[in-house]
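**Student:** Take this structure, written in structure tokens, and hold onto it; I'll ask about it next.
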Amino acid sequence: MKPETKPGLKENWQQFTLLVIINGFVGGMIGLERTIFPQFAHLEFGIGSKTAILSFIMAFGITKAIANYYTGRLANRYGRKNLLLAGWVLAVPIPFLLIYAPSWNWVILANILLGISQGLTWSSTVVMKIDLVGEKNRGLAMGLNEFAGYFAVGLVAFLTGYIANRFGITPYPFYLGIFMSFAGLILTLLMVKDTREFVHQENTTTSTDVLKNVFIETTFKNKTLSAVTQAGLINNLNDGMIWGLLPILLISLNYNQAQTGLIAAVYPTVWGIGQLFTGKMSDHYSKKSMLFWGMFLQGLAIVCIPFIHEYYLLVSLAAILGAGTALVYPTFLTTIADATSPVQRAESIGTFRLWRDLGYAIGAMISGITADFLGIEYAILLIGLLTIMSSLIIKFRMPDKIKKKEDCIKAETVKKALQASSDIQIIDVRSKEEFEQSHIPGAIHISLNELKDQWQRLNKIVR
């Protein structure tokens, strides 16, 4: 194994750190819209319908989902770095479109570009970090990755709310996007290295079964993968609702942009910081338990939102929602990485992220229609109940352990094979002392150190 392709967090800390920084810029591009967009739609374009306002999330979710899937499928063919670079090229026009948009359709176009860009950039950084660190620290790697992304979402959400409250909805909040898109593009172009070689190295030692059809297994058939996939969809379904309706609810309660920005920021900030701990936890504790309790906490917090109007209690609910999301987000990705072979990992993660980010569009549509017909409180309550149902699917469908290929042949299997055929030859590669103490009758002793030198003799014996 080449030194430059040896997996591990310590061995690849420079590239890993660079990708963490880049993913912070990726998350920050979403943070541009987390706080101010409902007011932006109302003040700049006169849009009042909840469904119409949430149309930008639908456009974002659908395009990001499709981009996720094709990023996963094309990662091995075209390279992770090339897809990451393409995502940043598409991100550069977005803040300019938002600043100068003459109509709401231009805003929708900006969010279509944002969705494609996010699918390419975030999916690429996820897969590249998993490639770099290997199996041992996979959870920690995903925790650091998602921390960087969602802490940046929260930070930029707060900053845009503060800037908008002080200087107006446009153009100043979007200047952050200009800086982040160019910074991400330049860093990727000049400093990022592709990680496909790590996949080839890991594939020689994997014990994970190859899936017959990655899309079908990840979506429906494989109990582990499909349970994770439905939870991912519901997770982003409720995130889409929070993104679109929570600011509207808070404004209806007479909270200003700065106060709304703080609540909107607490949720992804706790979500982001929490993953510094939950990512590492997923390397050591039951992934199934973490997924169940994470989804259950999310649902419980969301169900309580319509019944609580006191500011600091709403801040607390946002923190609980963020903690629940922190439990599941890195665990989603580490579970899929553990349950798939290295050569199929990118496609399986892409399939998961396809369905997960379709949750944005589905959540925006369901919550927008429900809010227009029944009111915001009923929309929030419905999404909370769906999230609790998702936690129960995890509990009752997902197996406790991920099934792996057997690393060695069982003793009973060897015994039956020897009884059935006299042509089988056993080579005992232990030390001479161990061999003399006990060995299988008829076995030939060639120590592991001598095996290379004795290879010609071994060929004669086998023939």
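**Student:** Could you calculate the contour length gain from residue 424 to residue 369, that is, 0.36 nm times the residue separation minus the distance between their Cα atoms, to one decimal place in nm? Show your work: numbers first, answer last.
**Tutor:** On the way: separation 55, 0.36 × 55 = 19.80 nm, distance 6.87 nm.
Full extension from residue 424 to residue 369 adds 12.9 nm.
**Student:** Okay, next question. Tell me what the chain gives for mean residue ellipticity at 222 nm when only DSSP H runs of n ≥ 4 count, each as -39,500 (n - 2.57), the sum divided by the residue total, rounded to 500 deg cm²/dmol. List each step's numbers first, then the result.
**Tutor:** Details: 19 runs with 343 residues, N = 463.
After summing the helix terms and dividing by residue count, I get -25000 deg cm²/dmol.
**Student:** Between residue 89 and residue 385, 0.36 nm times their residue separation minus their Cα-Cα distance comes to what?
**Tutor:** Working: separation 296, 0.36 × 296 = 106.56 nm, distance 3.93 nm.
Full extension from residue 89 to residue 385 adds 102.6 nm.
**Student:** Starting with the fewest neighbours, write out 365, 398 ranked by other beta-carbon atoms found within 10 Å of each beta-carbon.
**Tutor:** Details: 365 18, 398 21.
Arranged by neighbour count, lowest to highest, 365, 398 become 365, 398.
**Student:** If you place +1 on the Cβ of every Lys and Arg and -1 on the Cβ of every Asp and Glu, how big does the dipole about the Cα centre of segment 56-154 come out, in debye to the nearest 20? Could you put the intermediate results ahead of the total?
**Tutor:** Details: 8 positive and 3 negative charges, 54 e Å.
Dipole size: approximately 260 debye.
**Student:** Would you mind computing Rg(Cα) / (2.2 N^0.38 Å) for segment 126-172, counting N as its residues? The partial results should precede the final answer.
**Tutor:** On the way: Rg = 16.3 Å, N = 47, 2.2 N^0.38 = 9.5 Å.
Expressed relative to 2.2 N^0.38 Å, the Cα Rg reads 1.72.
**Student:** For a Förster distance of 25 Å, can you work out the FRET efficiency between the beta-carbons of residue 182 and residue 11, rounded to the nearest 0.05?
**Tutor:** Values: r = 30 Å, r/R0 = 1.22.
Taking R0 as 25 Å, the efficiency between residue 182 and residue 11 is 0.25.
**Student:** Moving on to the next point. From the cross-link list 6/212; 6/395; 81/221; 129/395; 136/401; 81/288, which pairs have alpha carbons spaced over 27 Å apart? Mind showing how you got there, number by number?
**Tutor:** Values: 6/212 29 Å; 6/395 37 Å; 81/221 31 Å; 129/395 29 Å; 136/401 17 Å; 81/288 32 Å.
The pairs that break the limit, which is 27 Å between Cα atoms, are 6/212; 6/395; 81/221; 129/395; 81/288.
**Student:** Is there a quick way to get the dipole size of the chain? I mean about its Cα centre, with the Cβ of Lys and Arg at +1 and of Asp and Glu at -1; what is the value in debye to the nearest 20? Provide the component values of the computation, followed by the final result.
**Tutor:** Values: 40 positive and 31 negative charges, 174 e Å.
In total the dipole reaches around 840 debye.
**Student:** Per residue of segment 229-236, in order, report the coupling 6.51 cos²θ - 1.76 cosθ + 1.60 (Karplus, θ = phi - 60°) as ³J(HN,Hα) in whole Hz, putting x for Gly and Pro.
**Tutor:** Values, residue by residue: 5, 5, 5, x, 4, 5, 4, 7 Hz.
**Student:** Send over the semi-axes of the chain's equivalent ellipsoid, whole angstrom and largest first, taken as the square roots of 5 times the C-alpha gyration tensor eigenvalues. Write down the numbers at each step before the final one.
**Tutor:** On the way: eigenvalues 476, 115, 62 Å².
So the equivalent ellipsoid measures 49, 24, 18 Å along its semi-axes.
**Student:** With just the Cα atoms defining each centre, how far is segment 316-374 from segment 136-164? Give it in Å.
**Tutor:** 15 Å
The numbers here are math on the coordinates, done by the rules we state, and not lab data. Here the structure is a predicted model, which means the values were calculated and not measured. Note that each Cβ is placed from the backbone with ideal geometry, even for glycine, and that neighbours are counted across all protein chains shown.
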